[in-house]
Amino acid sequence: MLHADFPPRVSAGGRQLLDRVFKAGVQTQAVLSRELGLSQPTVARLLQGFVQDRMVQLSARAAGGRGNPSVDVRLAPDYAYAFGIGLMGDVVAMVLVDFAGAVRGQRRVGLADMRRAPVLAQLLWFREQLLAETGVDPARVVGAGMAISAFFTGQGQQMAGPPALEDWTQVELRPILEEALGCPVTVENDGAAAAVAESLYGVGRDCRDFAYLHLTNGFGGGIIADGRLFRGHRGNAGEFGGIWTVAGMAYPNLDALLALVRAAGQDYAGVEQMLADIGPHSPGVDAWLELAAAPFSQLCAYLAYTLDPQAIVIGGRLPAPIGERLIERIRIPRAPNRHGLAPPLPELRIAGAAGDAVTLGAALMPLQRAFFA
């Protein structure tokens, strides 16, 4: 039986603890105390409350030496759930994620008609399928996140997307979605949502400050600061493609890669088909890397000196082997200042979150908002 105050309010210390356990999968009480800088009694008190609420599971294991046996801490997967929705050009996707971050079910379909009515009908069908398939109690769903290929216009939560999503442009999306789905909804840009997934499943497991570059048919990304998404004043932090446009630089997204691969003699119907087949040395890839080297080097330099991130992450739908070759070509110029020294530069890394990071990140947003640091 759920309490009326589900989901409960979680203290700052409790959020930090749950966040650490989520990222680690399983962690000992002793390590949590050390890493969080909290006393053992404080951690024990937090865990006691979480156990009573059935949010975490404890299990003892044999001591490695003298003293009491260590206690393993895990999140209780069935405590809460969230839906993630991805709206990307001609694709609608939905995922159901549990409290421990496991994907319980997912659906994905290409739609020729991306207007609101057919998309909402598809989402409702997906929702009913996933709940029936998994047996999840709808009362345990804390909310849904929707990631859309669009930017915020500055008018409320209205967004502007590509022509395929014209019916979703300049309307307040959250009340429409909440009425249809019957739960609280968070709306975010697709690149920012992917950055959230990376912060919890990928590079963010050992890096709390990074810029995430989201390569897809378009180009954008997100900024993770101290483990959380930095949205900016209007929600558009991470619209990195605007830097290339304003500076008059080349725009080496996946549409550009497709064009060069086609010019090299490869006959792909679209980006999705190309990505399923392409390799790091396929015809056309070298030409794209040559095109991409300067714009990415310039962008990474801007990010390095303005944000001072620990890492810059190459993500999105770009295959990792091609991303590795891109990193080899990125050159961030040093800027000697005083005593011949320059500010340290960020590490360049490949994204570590597997699967559909956009839809997964969308599902994590309501869980993170309710429970994690």
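For the range 202-213, taking the residues that are modelled with pLDDT of 95 or more and open to solvent by less than 10 Å² (accessible area, probe 1.4 Å), the one that is farthest from residue 373 (Cα to Cα) is identified as 213. Of all residues in the range 174-191, those being crowded, with 16+ Cβ neighbours inside 10 Å, out of contact with any Gly (no Cβ under 7 Å at 6 or more places or on another chain) and either among the β-branched types (Val, Ile, Thr) or in a strand (DSSP E or B) (or both) number 1.
Restricting 295, 321 to residues that are under 23 Å from residue 250 (Cα atoms) and in contact with a helix residue (DSSP H, G or I) (Cβ under 6 Å, 6 or more places away or on another chain) narrows the list to 295. For the range 134-173, filtering for residues that are open to solvent by less than 50 Å² (accessible area, probe 1.4 Å) and assigned to a strand (DSSP E or B) leaves 11.
Can you name every one of the strands (runs of 3 or more DSSP E) wholly within the range 192-239 that holds 1 or more residues which are among the aliphatic types (A, V, I, L, M), touching a Leu at 6+ places or on another chain (Cβ under 8 Å) and touching a residue at least 24 places away in the same chain (Cβ under 8 Å)? It would help to see each step written out before you state the result.
On the way: elements: 210-215, 219-225, 228-230.
Output list reads 210-215, 219-225.
Only one entry in 100, 121 is of a type in the set (A, V, I, L, M) and touching a Pro at 6+ places or on another chain (Cβ under 6 Å), namely 100.
The values are calculated or read from the model by the stated rules, or taken from the named source; none is laboratory data. None of these values were measured; they are calculated from a predicted model. Virtual Cβ from ideal backbone geometry, glycine too; neighbours counted across all protein chains shown. Each accessible area value is taken on the protein alone, full model and side chains, heavy atoms only, with ligands, DNA and RNA left out. Shrake-Rupley method; radii C 1.70, N 1.55, O 1.52, S 1.80 Å.
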